[in-house]
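*Asks:* Take a look at the following structure, please.
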Amino acid sequence: MNRQNNRSAKQTASNQSEVSDQKALLIGCGVAGPVLAMFLQRIGVKPVIFEGKPEPRDDAGFFLNLAANGTDVLETLGIEEQVLEHGHRSEKLVFQNHVNKRLGENQQETVLIKRGHLTKALREEALERGITIEFGKRLTDVEIPHEDMAIAYFDDGTEAHGNFLVGCDGIHSQTRKSLFPGAPEPEYTGIIDSGAFTRNESVPPSDGIMRMTFGVNGFFGYQKVPTGEIYWFENHERSQAPRRRELDEISRSQWKDKLLGLHERDHEPITEIIRSTDGDIRKWPVYDLPSLSTWHQDTVCLIGDAAHATSPHVGQGASLAMEDAIVLVKCLRDVEGVSDAFTAFEELRRERVEAIVEMSRETRNQKAPSNMITRKFRDLVLPFFLKQGVERFEQIYSYRVGWDEPIEVVE
Ligand SMILES: Cc1cc2nc3c(=O)[nH]c(=O)nc-3n(C[C@H](O)[C@H](O)[C@H](O)COP(=O)(O)OP(=O)(O)OC[C@H]3O[C@@H](n4cnc5c(N)ncnc54)[C@H](O)[C@@H]3O)c2cc1C
């Protein structure tokens, strides 16, 4: 049934009674899941989070940047301080070429945080607020038996029933596959990303700057944080997607040698940082998700990477997932009917997130020119591109979602 033209926005108080006491099934306890759960609780909905991993994996993943548009959502929830306790301010990004020539900068402040610290803090805040999180519940299928219900089936043979279900299960979302079997799959972007943490006394102390180098064969970024730890990452091109587990089969020392070779013509301390890394160097192919024709059906909706995964080049995936969470709950609060709330959500979010996915793809193209001529050309045009980028970044970072402002839906 298409109820698109039949929607009405309601004031907070009136609609709150309509969704309150409903049970929401949230699939995935990464970034979007716990944030969504805490906002749902605010409007009286009873969320239960089902996470596929048997137990929390706080060492999983790497580090990411949270931008002001993301940290603002945490502030609205009243958990900014607790969550960011383990983060470090990045006062600006400075871009250089392989011989250390400064190409530009981006003055937007962000927070550098280990992904495991972020997800742990979000999970603990959700638990603190009495939200149920069930581990070892890997979704295998969803069913929509009628317009007020959704059923989740799990790989341990159990099932859960709720009034609606939200897939917060990331880029390889099973919710998406079950709901839209013909939907596009994530696409390999031609980039291998890797990175690690190290300590190195010869690298100058932290000045709150993330330095990023467009190197001869790859892109390298690092920041030394006040604890003395260096957070670093590297991107290089590879045309064919690696087969499953291929990168895992490469030993740490082989990978280190590869990165040292790729960056041997770049300025220091790049190879020094790579050389001094004794711990694990993580590596993975970068994927993003082509635009889906829709993000929802009846009582089931996708948010975060499940709906619109972006490559990491503009550092927005986690921030967008949190924005999604607050906007979706405002829609459920202010729009009559769950399905229509999902429609309103998608209308409000699609243009912004797809522009950011596209911008991230464009940024990726600057990272790995193949020869001296294209490199020279890049160094010439990059300062202009970066200047332009600063304005676009400002637009992205300045986005705010006021909790108290009602959602307005055009009939
Ligand atoms: C290398 C890299 C660097 C990045 N850098 C940045 C950055 O600087 N800034 C930024 O904002 N973002 C960055 N991101 C993106 C960011 O990590 C994601 O966009 C963000 O985590 C999305 O949140 P999510 O909740 O949608 O998905 P996720 O955080 O991926 O959470 C999904 C959860 O669902 C669970 N799950 C999966 N399948 C199932 C199932 N079948 N059943 C039950 N549970 C399931 C998973 O175990 C996981 O806990 C980066 C990503 C990568 C890969």
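The values are calculated or read from the model by the stated rules, or taken from the named source; none is laboratory data. Keep in mind the model is a prediction, meaning the values are calculated, not measured. Heads up, the Cβs are rebuilt from the backbone with ideal geometry, glycines too, and the neighbour counts pull from every protein chain shown.
*Asks:* Going by what's in this entry, would residue 409 be described as surrounded by 13 or more Cβ atoms within 10 Å (Cβ to Cβ), in contact with a helix residue (DSSP H, G or I) (Cβ under 7 Å, 6 or more places away or on another chain) and at pLDDT 90 or above?
*Replies:* no
*Asks:* Do the conditions hold for residue 49, that is, is it surrounded by 17 or more Cβ atoms within 10 Å (Cβ to Cβ), modelled with pLDDT of 95 or more and within 13 Å of the ligand (Cβ to nearest atom)?
*Replies:* Answer is yes for this residue.
*Asks:* Here is a follow-up. Among what's in region 83-119 and is acidic (Asp, Glu) and in a loop (DSSP other than H, G, I, E, B), pick the residue that is farthest from the ligand (Cβ to nearest atom).
*Replies:* 85
*Asks:* Looking at region 20-32 only, could you name the residues that are crowded, with 18+ Cβ neighbours inside 10 Å, at negative phi and touching a Phe, Trp or Tyr at 6+ places or on another chain (Cβ under 9 Å)?
*Replies:* 22, 24, 25, 26, 27, 29
Yes or no, residue by residue, for (1) of a type in the set (Gly, Ala, Ser); (2) surrounded by 15 or more Cβ atoms within 10 Å (Cβ to Cβ):
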position: 124; (1), (2): no, yes
position: 149; (1), (2): no, yes
position: 185; (1), (2): no, no
position: 196; (1), (2): yes, yes
position: 207; (1), (2): no, no
position: 215; (1), (2): yes, yes
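*Asks:* Does at least one position in region 313-328 carry a residue that is part of a helix (DSSP H, G or I), away from the ligand (no atom under 16 Å from the Cβ) and outside the structural domain of residue 262 (by TED's automatic domain parsing)?
*Replies:* Scanning region 313-328, I find no residue that is part of a helix (DSSP H, G or I), away from the ligand (no atom under 16 Å from the Cβ) and outside the structural domain of residue 262 (by TED's automatic domain parsing), so the answer is no.
*Asks:* Residues in region 175-191: is at least one under 29 Å from residue 272 (Cβ atoms), within 12 Å of the ligand (Cβ to nearest atom) and either touching a strand residue (DSSP E or B) at 6+ places or on another chain (Cβ under 8 Å) or part of a strand (DSSP E or B) (or both)?
*Replies:* The answer is yes, given that some residue of region 175-191 is under 29 Å from residue 272 (Cβ atoms), within 12 Å of the ligand (Cβ to nearest atom) and either touching a strand residue (DSSP E or B) at 6+ places or on another chain (Cβ under 8 Å) or part of a strand (DSSP E or B) (or both).
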